[in-house]
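The values are calculated or read from the model by the stated rules, or taken from the named source; none is laboratory data. Bear in mind that the values here come from a model prediction, so they are computed numbers and not experimental data. We place every Cβ from the backbone using ideal geometry, glycine too, and count neighbours over all the protein chains shown.
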Amino acid sequence: MTCEANIYLDHAAGTFVLPEVQEQINKILNDEVVNPSSIHARGRLTAALLDSARQDTAGVIGAKPGEIIFTSGGTEANNLAIFGLAHAQKNKGKHILSCQTEHPSVLASLKQLENEGFRVSYLSTNSHGEIDLDNLAASISDETILISLMWINNETGLIHPIEEIGGIAKDHDIRFHCDAVQALGHIPIQTDKLPVDALTFSGHKIGAPAGIGVLYLRKGIVLQHQSYGGNQENNLRAGTQNVIGAQSFSRAAQYFQDHFEMNKNKFQTQMTGLREKLKRIPGIQFNRGGSLYSDHILNCSFQQVDGEALFIRLDMRKIAVSNGSACSSGSQAPSHVLTSLGMEESLAQASLRISLGINTSESEIEQFCKELNSIINSIKSAL
Ligand SMILES: Cc1ncc(COP(=O)(O)O)c(C=O)c1O
């Protein structure tokens, strides 16, 4: 089936598989990848592919190979980090700090921990989603065992000050997990210099196929495994590894490292151009404050526009953007991030998340802005 979306600006939900990744997949598929735990020669060859993927991935983020746990994606990595770090420390305390603007895979894990008797404090934010670091420090008690806060918000693009947050966690000897799914490729990540204990990554945000993720876990940090079976991944994640996925992830991560400056400049220029063009649309509001934002995500809302009508028209014109995280879209519910920032439901429903990818072209942006302008005008003139 070929896809009809002519304009694809939903790369934060999932981006295209990179040609170099496709090439590698084809190459190793021909090599007949088997079970890397098998002790025969073919199994050992597969294990060597897994090892090289682990080494390369570790190299990209300044980690040691033993600190890389391959998972099925960002959701599993977030689950593993949150449950694993909480369960491993339950005798020390049962208090966790996080925020309502996190990804559903973090929020739902925390909800389940609350059902198990843990206490979660959701830090308040200003209307852009920024947390107050003094408030973070003041919210820590003797019972606090974990802070889980994301790096780049997947819906608004806001960047949390991870080094400062990690510094506070370290000062209080509290584990710090960060969902870095949207950060890989957009912010240089050097775990050897970063005060984080665990970081989550997802393959399909960086040009690998969906179904592969990584949890970076700092050496020495104790985590309780959450799946039962084999002793794969240092006994922390049972189940035969997805070697093709691991190779895809490492290739994609490597690509983003090798092209970091070039991509950064491109995203910066395109984001500036996008905002300049969108500014011309009457009633548009950018959901951004004064602080740091990633150049690949822009969230905007339209006053007095029916959100459903907006999305139907965008889809009819074969334009792919999002109105929340892909996990929660499909339902008509407004974005939990925007509503938790105090936005009215109707305005949150008339909001778009536009996200750029490495293949996004100037003409795609130009065409999108024209189409969106005409859609907004036609909805408003029908009022
Ligand atoms: C910030 C963030 N965390 C976690 C995830 C989940 O990753 P995956 O789709 O690989 O499960 C996503 C995906 O949208 C995300 O954007």
Checklist outcome for this item: Filter segment 1-20 for residues that are charged (D, E, K, R) and at pLDDT 95 or above; the one that is nearest to the ligand (Cβ to nearest atom) is Asp10
Checklist entry - Which of the residues spanning segment 77-106 are farther than 20 Å from Leu223 by Cβ and part of a helix (DSSP H, G or I)? => result Pro104
Next on the checklist: Looking at Leu149 and the list (1) within 13 Å of the ligand (Cβ to nearest atom); (2) closer than 30 Å to Ala47 by Cα; (3) touching a Phe, Trp or Tyr at 6+ places or on another chain (Cβ under 9 Å), which single condition is not satisfied?
Outcome noted: (2)
Item to check | Of all residues making up segment 152-197, the number that are near the ligand (Cβ under 8 Å from one of its atoms) and not aliphatic (A, V, I, L, M) | outcome: 4
Checklist outcome for this item: In segment 111-145, residues that are touching a Phe, Trp or Tyr at 6+ places or on another chain (Cβ under 8 Å) and either small (Gly, Ala, Ser) or buried (at least 17 other Cβ atoms within 10 Å of the Cβ) (or both) total 1
Item to check | Residue among Glu364, Glu344, Glu276, Glu308 that alone is over 27 Å from Thr75 (Cβ atoms), touching a strand residue (DSSP E or B) at 6+ places or on another chain (Cβ under 6 Å), acidic (Asp, Glu) and assigned by TED's automatic domain parsing to the domain that holds Ala12 | outcome: Glu364
Next on the checklist: From the list Ala48, Ala88, Ala12, exactly one residue is surrounded by 14 or more Cβ atoms within 10 Å (Cβ to Cβ), assigned by TED's automatic domain parsing to the domain that holds Ala246 and at negative phi. Which is it?
Outcome noted: Ala88
Checklist entry - Just wondering, is there one or more residues in segment 82-94 that are under 23 Å from Val214 (Cβ atoms), among the small types (Gly, Ala, Ser) and within 15 Å of the ligand (Cβ to nearest atom)? => result no
Next on the checklist: For segment 51-75, give me the residue count where each residue is surrounded by fewer than 24 Cβ atoms within 10 Å (Cβ to Cβ), within 16 Å of the ligand (Cβ to nearest atom) and part of a helix (DSSP H, G or I).
Outcome noted: 1
Next on the checklist: Suppose the filter is surrounded by 15 or more Cβ atoms within 10 Å (Cβ to Cβ), away from the ligand (no atom under 16 Å from the Cβ) and outside any loop (DSSP other than H, G, I, E, B); does Asn263 pass it?
Outcome noted: yes
Item to check | Residue satisfying all of: in segment 118-146; touching a Ser or Thr at 6+ places or on another chain (Cβ under 7 Å) and assigned to a strand (DSSP E or B); farthest from the ligand (Cβ to nearest atom) among these | outcome: Ser121
Next on the checklist: Among the residues in segment 183-199, are any of a type in the set (A, V, I, L, M, F, W, C) and not in a loop (DSSP other than H, G, I, E, B)?
Outcome noted: yes
Next on the checklist: All but one of (1) in contact with a strand residue (DSSP E or B) (Cβ under 8 Å, 6 or more places away or on another chain); (2) touching a residue at least 12 places away in the same chain (Cβ under 8 Å); (3) of a type in the set (Gly, Ala, Ser) hold for Ala58; state the number of the condition that does not hold.
Outcome noted: (2)
Checklist entry - Is it the case that segment 355-369 has a residue that's polar (S, T, N, Q), exposed (fewer than 15 other Cβ atoms within 10 Å of the Cβ) and within 25 Å of the chain's Cα centre (by Cα)? => result yes
Item to check | Positions within segment 268-289 being surrounded by fewer than 20 Cβ atoms within 10 Å (Cβ to Cβ) and within 20 Å of the chain's Cα centre (by Cα), in sequence order | outcome: Gln268, Arg288
Next on the checklist: For segment 32-50, give me each residue that is in contact (Cβ under 8 Å) with a residue 12 or more places away in the chain and in a helix (DSSP H, G or I).
Outcome noted: Leu45, Thr46, Leu49, Leu50
Next on the checklist: Scan segment 198-212 and tell me whether some residue there is within 13 Å of the ligand (Cβ to nearest atom) and of a type in the set (Phe, Trp, Tyr).
Outcome noted: yes
Next on the checklist: Please return the ranges of helices (runs of 4 or more DSSP H) entirely within segment 268-383 where 3 or more residues are in contact (Cβ under 8 Å) with a residue 24 or more places away in the chain and closer than 18 Å to Thr156 by Cα.
Outcome noted: 336-340, 345-349
Checklist entry - Does segment 176-216 hold any residues that are closer than 21 Å to Asp134 by Cβ and touching a residue at least 40 places away in the same chain (Cβ under 8 Å), and which are they? => result none
Next on the checklist: Can you pull out every residue in segment 207-228 that is within 13 Å of the chain's Cα centre (by Cα) and either surrounded by fewer than 24 Cβ atoms within 10 Å (Cβ to Cβ) or modelled with pLDDT under 95 (or both)?
Outcome noted: Ala210
